[in-house]
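S.K.: Sharing a structure below in structure tokens format, with a few things to ask.
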Amino acid sequence: MRSRASVFASVLIACIPPGSIAQQASSPVAAAITSVPDVSDQDLLAQPVGANWTSYNGDYSGRRYSSLRQVNLSNVAKLRAAWAFHATNSRSLEATPVVVQGMMYVTSANDVFALDARTGRMVWHYQRPVSSGLLDDAAAHKNRGVGVWQHFVYTETDDAHLLCLDARSGGLRWDVEYADKTKQYGATSAPLIVKDTVVVGTSGGDSGVRGFVAAYDVTTGKIKWKFWTIPGPGEPGSSSWPGDAYLHGGGTTWMPGTYDPELNTLYWTTSNPAPDFVGDPRPGDDIYTDSVLALNPDSGELKWYFQFTPHDLYDYDATETPVLIDVEQGGAMRQLLAQANRNGFFYVLDRTNGKFLYATSFVEKLNWAKGVDANGRPILAGRIPSADGTYVCPGIDGATNWFSPSYDPETQFFYVMALESCNLFFAAPGPFAKGQTYYNTGTKLAPDEHSKKILLALSLKDGKVVWNYPQVGNGDSWSGILTTAGGVLFFGDDSGSLEAVVAASGSYLWHFNTGQRLRASPMTYEVNGVQYVAIAAGSDVFSFSLPH
């Protein structure tokens, strides 16, 4: 439920027909907005994005590239803070704002805020209490954003409910529980809207749940399909899951996927198997964990899958964004999928059929595998978590993680925030126990181990590093990357700054120190001819523009 204070703007505009909230009240909040956003299918299909930023990754491709160029190499140094908004109910925002027709939507725990994207003034606020009885990431009440369609806003709650809100007022239209929190399910993602379907995933893999991707009708909230990422008895791949192991196998789907409208294919990635560091209860490859799934968005049917880390013993979730890229090679257009994986390898696949094309390591500290064979399968180095601890690189946080990469079609570089770090991995076999995490022990830093974040530009042609930009900090930032047609790359650095560099070379251009730890990725949008760049930092959202 919402408090009275949180709905003061909602009350003013809730009864106004779609398309006009302009002059209904003297409140400066209500007066700031001239129309209710109406998100069309064409808005969602726009590629690359421009004035609008319609989903977590901007557009369906996951490239986080914008066609806006008002802010460019010649003037980015003049950027200044246009406004800041303080969000309640979180000390560490992980959301990427969504902006449509001048309205910004941003989340904090189970809260959704609608803001005037020009000024940061709040238009409405949907508030829902955080849930009790959760484990791991869900217990931290993480939320990474919303999906939008027509006059509706969709969000996932920490206890795995899918909510549909009225974009005019923040009023709740419907509420669907799509997973049971008493079985340790949760949700941390942003929904993805594909045609008349809203697609969601779950968190809880490290708590021993059975992962799935599910789709719901955008209008009614009725379920359309569900794909289990851990096959049941008798299903293909079930040999990895003897007895009832499949019920606790992990493989959760806690980040949004990407979508190819031409191929009508949804690409969704999965997390590690459970238990994390002991493989005996789950022999074999542990399908479909640590994979990218190519699904029919209309039926949930699996078209193909590619597994990056078979029989994972290192918590190498594959939930990093599967970026869809079209390039001309040999006179023909190739439809590719690229991912910088948590396991330290950069992969390029043919996204029409999942065929492995190549993989290269993008970090120096990598010892769990000796390389990747011709089929994309890792050549293992035999490092197994042990009672005494085994030194493994990359460490528990991976060579990268869920924070967003970017691809710039002008430079044809893939950008990723890499982490050079290793851990001692410990194993202690134990049975699954309801209400407890299912790691079978954990990790710690080795003596004298130091972590370091490095912004990398990788060539799509061969996966090699073109330039690198080392970060100053402790390696504990979790912020991603944005590229623009203005030739500027924005990223959240390891010292709490939003920073800009030349996309082609990595040369420094500008920074703004937020004074807070960054756990979100930047985005950009335009209102009334003015380009803004925004990022969540700590419990605040900052938006920047050129003087005007």
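The values are calculated or read from the model by the stated rules, or taken from the named source; none is laboratory data. Predicted model only: the values in this text are computed from it and were never measured. Neighbour counts are summed over all protein chains in view; Cβ atoms, including those assigned to glycine, are modelled from backbone coordinates with ideal geometry.
S.K.: Looking at (1) in a strand (DSSP E or B); (2) surrounded by fewer than 21 Cβ atoms within 10 Å (Cβ to Cβ), find the lone condition where V130 falls short.
M.R.: (1)
S.K.: Could I ask something else about it? Do we have A77 as of a type in the set (G, A, S), at pLDDT 95 or above and not in a strand (DSSP E or B) here?
M.R.: Against the criterion (of a type in the set (G, A, S), at pLDDT 95 or above and not in a strand (DSSP E or B)), A77 qualifies.
S.K.: Do you know which residues across segment 422-439 are buried (at least 18 other Cβ atoms within 10 Å of the Cβ), out of contact with any helix residue (DSSP H, G or I) (no Cβ under 7 Å at 6 or more places or on another chain) and in a loop (DSSP other than H, G, I, E, B)?
M.R.: Within segment 422-439, C422, A427 qualify.
S.K.: Inside segment 304-338, can you point out the residues that are within 24 Å of W254 (Cβ to Cβ) and of a type in the set (V, I, T)?
M.R.: The answer is T309, T319, T321, V323, I325.
S.K.: Going through segment 440-457 one residue at a time, which ones are in a loop (DSSP other than H, G, I, E, B) and of a type outside the set (D, E)?
M.R.: As a first pass, look at segment 440-457 and keep what is in a loop (DSSP other than H, G, I, E, B): 440-442, 445-451.
Result: N440, T441, G442, L445, A446, P447, H450, S451.
S.K.: While we're on this one: Here are some residues: S61, S67. Which one is modelled with pLDDT of 95 or more, of a type in the set (S, T, N, Q), within 30 Å of T265 (Cβ to Cβ) and touching a Pro at 6+ places or on another chain (Cβ under 6 Å)?
M.R.: It is S67.
S.K.: Right, here's the next one. Can you go through T265, T309, T269 and tell me which one is among the polar types (S, T, N, Q) and under 22 Å from A187 (Cβ atoms)? Spell out how you get there, then give the answer.
M.R.: Working: T265 fails: under 22 Å from A187 (Cβ atoms); T309 fails: under 22 Å from A187 (Cβ atoms).
Of T265, T309, T269, the one residue that is among the polar types (S, T, N, Q) and under 22 Å from A187 (Cβ atoms) is T269.
S.K.: Being in a strand (DSSP E or B) and in contact with a Lys or Arg (Cβ under 7 Å, 6 or more places away or on another chain) is the filter here; which residues of segment 496-544 pass it?
M.R.: Within segment 496-544, V527, F544 qualify.
S.K.: While we're here: When you look at S477, is it in contact with a His (Cβ under 9 Å, 6 or more places away or on another chain) and either modelled with pLDDT under 95 or among the polar types (S, T, N, Q) (or both), yes or no?
M.R.: Numbers: in contact with a His (Cβ under 9 Å, 6 or more places away or on another chain): no; either modelled with pLDDT under 95 or among the polar types (S, T, N, Q) (or both): yes.
No.
S.K.: Does A374 satisfy the criteria of being part of a loop (DSSP other than H, G, I, E, B), of a type in the set (G, A, S) and without any contact (Cβ under 8 Å) to a residue 24 or more places away in the chain?
M.R.: yes
S.K.: Surrounded by fewer than 24 Cβ atoms within 10 Å (Cβ to Cβ) and at negative phi, is that true of S521?
M.R.: Here the answer is no, as S521 does not meet what is asked.
S.K.: Restricting to segment 195-212, name every residue that is out of contact with any helix residue (DSSP H, G or I) (no Cβ under 8 Å at 6 or more places or on another chain), part of a strand (DSSP E or B) and touching a residue at least 60 places away in the same chain (Cβ under 8 Å).
M.R.: T197, V199, G201
S.K.: Restricting to segment 168-189, name every residue that is surrounded by 14 or more Cβ atoms within 10 Å (Cβ to Cβ), in contact with a Leu (Cβ under 7 Å, 6 or more places away or on another chain) and outside any loop (DSSP other than H, G, I, E, B).
M.R.: Matches in segment 168-189: L172, R173, V176, K181, G186.
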